[in-house]
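Input: a single structure, listed below in structure tokens.
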Amino acid sequence: MKLQYIYHAVALGVVAVWGTTFVSTKLLLLGGLTAGQIFTLRFLIAYVLLLAFCLYKGIRWMADSWRDELLMAALGVTGGSLYFLTENSAMNYTTTTNTSITVSLSPLFASLLIGMFYKSQRLSSLQSMGTLMAAAGVVVVVMNGHFVLHLSPRGDALAMSAALCWATYSLLMIRANERYDSIFITRKVFFYGLLSMIPYYMISPGLNLDVLISQPHLLWHLLFLGCVASMLCFLAWNWVLKKLGAIVATNYVYLNPVFTIVFAWMVLHEQITIYFIIGTLLIILGMYLTDFASRSHRDGDET
């Protein structure tokens, strides 16, 4: 039971960190880096650090089969390059609100997708109610009382693509976690995430490192994104996916906009409204119902 609390605490910590990354990303974008360049540099930092650790520990280099290697490549694309490019690009064509709502609903898509492929993990009625309640909470938190959506087909399609990428990543991680440890998987995610960016740089070459030289304070934000938000958080997240299960762990993504708003309140002094409180309570209650139903189902299987 104590270990379960640790798993949940780690998942909460990871989502809390991811919820604060918008400040660093925004400053880097304003500083002159593109979304693709930010992704490449942060993943490159994370990969180099993790590669050095793996070489020191003698951790395996390749997967057991070419099919498993393709699985790792798919994880690198869905959880890395394609996810970050579609999410960040969406905000160029639609509002931040639309993007935030759509991407934060990825646990809902993940639950449906996982249920299609794993009969044993299909949602019960209580889990379905909890998931929908948490999803409704996300909408209330992000909309913040302004219930107006500005439709933009291209931007909304990109945001939906990002949500589906993360849902697919959660699905694929079930099989990967059955065969490999979290360190090996995470290193592969970084490697194939970077490798799949090659076509992007054929169209838009250059990492624009002059920006970091002329504005050295931005380097700290990039190091935070690479060392903490990428390397440490991806390691912890992949480990939590194995320990809690894909559905329960992915539901923590619902809290991402909550931490973003709390951080904005602490740093930027933005206002906390009653809609934020109501939405947060809906998310927490929905997550509790989902986790309670999952634990009851596991206990029933064990007996």
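The values are calculated or read from the model by the stated rules, or taken from the named source; none is laboratory data. In this text, all values refer to a predicted model and were calculated from it rather than measured experimentally. FYI the Cβ positions are ideal-geometry reconstructions off the backbone, even for glycines, and counts take in every protein chain you see. These area figures cover heavy atoms from the full protein model, side chains too; ligands, DNA and RNA do not enter into them. Shrake-Rupley method; radii C 1.70, N 1.55, O 1.52, S 1.80 Å.
Inside the stretch 166-182, can you point out the residues that are over 15 Å from ILE101 (Cα atoms), within 16 Å of the chain's Cα centre (by Cα) and open to solvent by less than 10 Å² (accessible area, probe 1.4 Å)?
TYR169, SER170, MET173
Among the residues of the stretch 15-52 satisfying the criterion of being more than 14 Å from the chain's Cα centre (by Cα) and β-branched (Val, Ile, Thr), which is nearest to CYS227 (Cα to Cα)?
ILE45
So how many residues does the stretch 17-52 have that are open to solvent by 20 Å² or more (accessible area, probe 1.4 Å) and at pLDDT 90 or above?
Number satisfying all stated conditions: 8.
Just to be sure I understand, how many residues within the stretch 183-210 are out of contact with any Gly (no Cβ under 8 Å at 6 or more places or on another chain), part of a helix (DSSP H, G or I) and open to solvent by 70 Å² or more (accessible area, probe 1.4 Å)?
5
Scan the stretch 144-152 and give yes if some residue there is buried (at least 17 other Cβ atoms within 10 Å of the Cβ) and either part of a helix (DSSP H, G or I) or at pLDDT 90 or above (or both), otherwise no.
No, the conditions are met nowhere in the stretch 144-152.
Scan the stretch 94-117 and tell me whether some residue there is of a type in the set (Gly, Ala, Ser), modelled with pLDDT of 85 or more and either under 13 Å from ALA162 (Cβ atoms) or in a loop (DSSP other than H, G, I, E, B) (or both).
Yes; the residues of the stretch 94-117 include at least one that is of a type in the set (Gly, Ala, Ser), modelled with pLDDT of 85 or more and either under 13 Å from ALA162 (Cβ atoms) or in a loop (DSSP other than H, G, I, E, B) (or both).
In this structure, is SER170 of a type in the set (S, T, N, Q) and free of Cβ contacts under 8 Å to residues at least 40 places away in the same chain?
When the stated conditions are applied, SER170 does not pass them.
Any idea which residue in the stretch 53-68 is least open to solvent (accessible area, probe 1.4 Å), counting only those that are farther than 15 Å from ILE183 by Cα and free of Cβ contacts under 8 Å to residues at least 60 places away in the same chain?
Across the stretch 53-68, the extreme among qualifying residues is SER65.
Only one of (1) of a type in the set (A, V, I, L, M, F, W, C); (2) farther than 29 Å from CYS54 by Cβ; (3) open to solvent by 80 Å² or more (accessible area, probe 1.4 Å) fails for ILE283. Which number is that?
If we test ILE283 against (1) of a type in the set (A, V, I, L, M, F, W, C); (2) farther than 29 Å from CYS54 by Cβ; (3) open to solvent by 80 Å² or more (accessible area, probe 1.4 Å), just (3) comes out false.
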